[in-house]
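These notes concern the structure reproduced below.
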Amino acid sequence: MGTIWVKEFTGGLDKRRLPETTPGGVLLEAVNGHISRGGEFEKRAAFVNVAALPAGTVGLGYNTTSMWVWGSGAQPAGLPSNVKYQQLVHPVSPALRLTAINSFDLYRDKLFVSATFEDGTTYYYYNGVIVADWVFGTAQFTFQVTGGQQITGVRATASFKITGGSKSSSNANRVNQITIGGVVLWHDAVEHTGNNNTTATAVAAMINKWVTTPEYTAVADGNTVRIYAGVVGTAANGKVVHITLTGNVTVDHNDFAMASGVNPLQSTIDMKIGTAPYDIMDPVGWTKDNATTAKAVAAAINVFHGTRDFRAEWDGDTGVTIIAQLPGTVMNGLVVTPTYTNGFTTNISGSHNTLSGGAAQPADDKTDKPYLPGEFVMTIGSKEYTVSGPTLYWSMIGDPTKWSNPTVNTGAGFVDLSSYASGSEQLMSIALYQRNLAVFAAESIQIWETNSDPDKYSYLQVLNNTGTRSPHSVCQFGDNDIYYLDESGVRSLRARDSSNAAATSDVGVLIDPMVLEKLASVDMIDRTRIFGLIEPVDGRFWLMVRDLIFVFSYFAGAKVSAWSTYIPSLPGVDPDTGEEFDTPFNIEEAITYRRRIYVRSGDNIYCYGGEPAQTVYDRTEAMAQTPYLDANFPAKEKDYVGLDIACDGVWEVDALMDTANQEAVDKVCIAEDSTFDDNRIPMTGRATHVSLRFKSRSATKAKVGAALVHYTTPDGEDDGSR
């Protein structure tokens with residue numbers, strides 16, 4: 001008798017090979033569990049709901065005292081006691097709603113955030129107050145949409161009724177012809193069918209059959225024929241409809257006129273600025289009401305690219321603010337010239353039609369462009385850092401609100417990374433690497449040495465053809481690694497050798513096929529909400545992609561380097577049937593706070609493992625499946641006769657023996673604790689390969705450590721223990 005001994009799972013998930021060629025020691029599936037320090041598969045803890053938030057908040061952050069959420073209005077009623085609220089008000093249009101917290105970090109235990117509003121504009125706030133240096137020096141002009149109209153065009157119509165007539169064997173009773181303004185609608189006669197209603201239907205069908213210039217169509221309703229002009233408007237109004245009849249066919253009236261056509265009309269606005277002048281938008285039509293139209297005008301300005309770029313902010317009502325993208329005083333005094341049609345009106349007038357408010361650049365400020373806030377911020381040392389377009393910015397030493405004028409604001413500065421390496425035109429994220437900065441773009445990573453003197457920041461290295469489009473996936477792991485999500489999978493930035501020069505490694509190679517498949521289902525907006533964090537209790541790396549978490553267990557001393565997956569979900573029970581089910585949820589925000597991972601989904605905050613000192617578990621099913629094992633004899637059939645398992649908790653064990661049909665499953669047993677001290681569990685089946693699937697069946701902590709499959713061969717040859 002031979003045995004197949006599955007001793008450990010130290011390799012975790014391995015998605016690189018076919019199920020029947022994958023070696024032992026790894027798993028084909030590892031769901032809702034992870035690999036322990038001892039190489040065993042262990043069920044994950046529960047996601048516990050710790051806060052139900054009122055509607056109207058966004059984001060999830062923390063400081064040393066509490067978790068935080070944000071909004072643009074006053075603090076909403078019903079905020080949980082374990083969550084605090086910070087109001088962020090749009091600096092130009094206070095009525096605009098806050099839609100996203102792009103990122104945050106703590107500076108002296110106060111929140112520094114990048115916030116985006118419903119008009120698409122982004123600003124920085126420190127401790128709830130706008131960072132003024134990032135709304136620097138741009139001329140503006142505000143106006144209101146005050147009126148307009150939108151009239152829907154209507155086709156001219158005329159109608160008549162078939163009031164009498166009968167069917168004739170000699171075709172004597174007919175509607176011979178209809179003309180409108182001298183245009184003949186058809187060239188055949190329509191015979192009376194003996195029924196006025198069906199005759200009306202036949203007349204309408206004849207009108208629709210023939211193509212005329214201008215075109216007319218018709219519909220029948222009972223004995224009524226209604227004729228429509230082919231185009232919207234008044235052109236057909238007054239044209240005489242004449243009906244020629246033969247025999248006893250009668251109609252209710254003849255020689256009547258088309259009427260009720262209405263021309264469409266919409267008020268429009270176009271706009272130019274300056275004496276050149278600069279186009280700043282394509283024409284926009286007045287629609288629905290003044291507020292809706294104002295929103296459309298702002299959107300048209302924001303998508304237009306002209307000689308001079310402008311952006312616009314809608315105030316949530318009828319107001320629009322035009323903001324020059326070129327800083328300084330040069331745009332002050334430029335005249336805004338609207339062009340109206342069909343009664344469009346605004347409050348722009350001869351005394352209210354110029355840009356103003358542009359401020360002169362500080363004499364020693366070297367930037368030649370406006371400060372446009374980006375979406376990623378990070379505190380490093382005594383400075384706040386951010387990226388915007390190709391530029392890396394850092395604040396004054398000791399003050400995250402001061403960014404311009406380095407002579408006065410000691411240590412503040414910036415550098416355009418696109419002038420050092422291509423592929424850096426849109427920076428995404430920052431990380432601390434070997435006391436230097438690693439600055440991530442989608443297709444490159446640059447390493448920079450920092451200094452208290454902004455002129456002494458120095459370029460060290462660039463890594464091309466790697467990077468990230470998911471800024472929050474960048475995560476420092478241990479002392480020497482930075483994990484991040486690249487387009488090719490999960491990658492690590494680490495020192496190549498004693499020189500500390502950076503190199504990339506394929507830490508995620510075992511699960512890259514699975515990661516890429518998941519990434520293909522995520523749009524570019526959701527890419528920015530992919531989070532990489534270190535679970536603080538056991539030090540595992542989590543990569544959270546909406547409704548799936550990739551978990552990396554790395555314990556060098558135990559030689560464990562293993563991936564697995566969690567599905568964030570909540571268990572439930574159908575009240576009618578008693579059937580148990582799991583409800584997955586999407587992770588929209590994630591933080592590490594007080595040595596726990598907290599995630600936000602909708603208006604709920606969940607804590608992994610619960611907040612008490614003792615970790616909480618629920619009945620979520622954990623599942624692990626071994627490869628199809630063959631005892632080193634892949635072509636020889638084996639009779640499987642028994643099973644032993646080393647486990648803690650309750651596990652269902654299934655056997656899969658058909659490599660061509662991986663849906664074929666035989667249930668072997670329900671095991672409670674290890675079985676080695678008992679007689680082996682009977683097992684029946686004949687195949688060349690066998691795969692074991694373990695599924696947890698309890699609401700407590702549970703793990704699987706090893707399993708033995710006992711087999712014989714049909715020819716009686718003993719292959720020995722494998």
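The values are calculated or read from the model by the stated rules, or taken from the named source; none is laboratory data. Everything quoted here is computed from the prediction, not taken from an experiment. Here the Cβ is made from the backbone with ideal geometry for all residues, glycine too, and neighbour counts use every protein chain on show.
Quick notes on this one:
- For the range 692-706, the criterion of being outside any strand (DSSP E or B), surrounded by fewer than 16 Cβ atoms within 10 Å (Cβ to Cβ) and over 43 Å from the mean Cα position of the chain (by Cα) is satisfied by no residue at all.
- Criterion violated by Ala501 - all others in (1) aliphatic (A, V, I, L, M); (2) surrounded by fewer than 17 Cβ atoms within 10 Å (Cβ to Cβ); (3) over 22 Å from Ser564 (Cα atoms); (4) at pLDDT 90 or above satisfied: (4)
- Filter result (more than 18 Å from Asp399 (Cβ to Cβ) and touching a His at 6+ places or on another chain (Cβ under 8 Å)) within the range 120-136: Thr121
- Filter result for Asn436 (on the phi > 0 side of the Ramachandran plot and touching an Asp or Glu at 6+ places or on another chain (Cβ under 9 Å)): no
- Scope the range 550-607; condition touching a residue at least 40 places away in the same chain (Cβ under 8 Å), of a type in the set (A, V, I, L, M) and farther than 27 Å from Glu517 by Cα; matching residues: Ala558, Ile605
- Residue ID - nearest to the chain's Cα centre (by Cα), chosen from residues in the range 184-226 that are more than 15 Å from Arg174 (Cβ to Cβ) and among the acidic types (Asp, Glu): Glu215
- Under the condition of being touching a residue at least 12 places away in the same chain (Cβ under 8 Å) and either buried (at least 18 other Cβ atoms within 10 Å of the Cβ) or not in a strand (DSSP E or B) (or both), the residues counted in the range 442-460 number 13.
- In this structure, Ala298 does satisfy being in contact with a Phe, Trp or Tyr (Cβ under 6 Å, 6 or more places away or on another chain), among the hydrophobic types (A, V, I, L, M, F, W, C) and closer than 11 Å to Val320 by Cβ.
- Filtered residue count, the range 661-689, keeping only those that are hydrophobic (A, V, I, L, M, F, W, C) and out of contact with any strand residue (DSSP E or B) (no Cβ under 6 Å at 6 or more places or on another chain): 2
- Count - residues of the range 637-654 that are touching a Gly at 6+ places or on another chain (Cβ under 6 Å) and either under 25 Å from Arg619 (Cβ atoms) or among the charged types (D, E, K, R) (or both): 1
- The residue list Thr318, Thr339, Thr354 contains one member that is over 22 Å from Gly120 (Cβ atoms) and modelled with pLDDT under 95, which is Thr354.
- Meets criteria (exposed (fewer than 15 other Cβ atoms within 10 Å of the Cβ) and assigned to a strand (DSSP E or B)) for Leu111: no
- Residue in the range 287-305 that is in a strand (DSSP E or B) and not acidic (Asp, Glu) present: no
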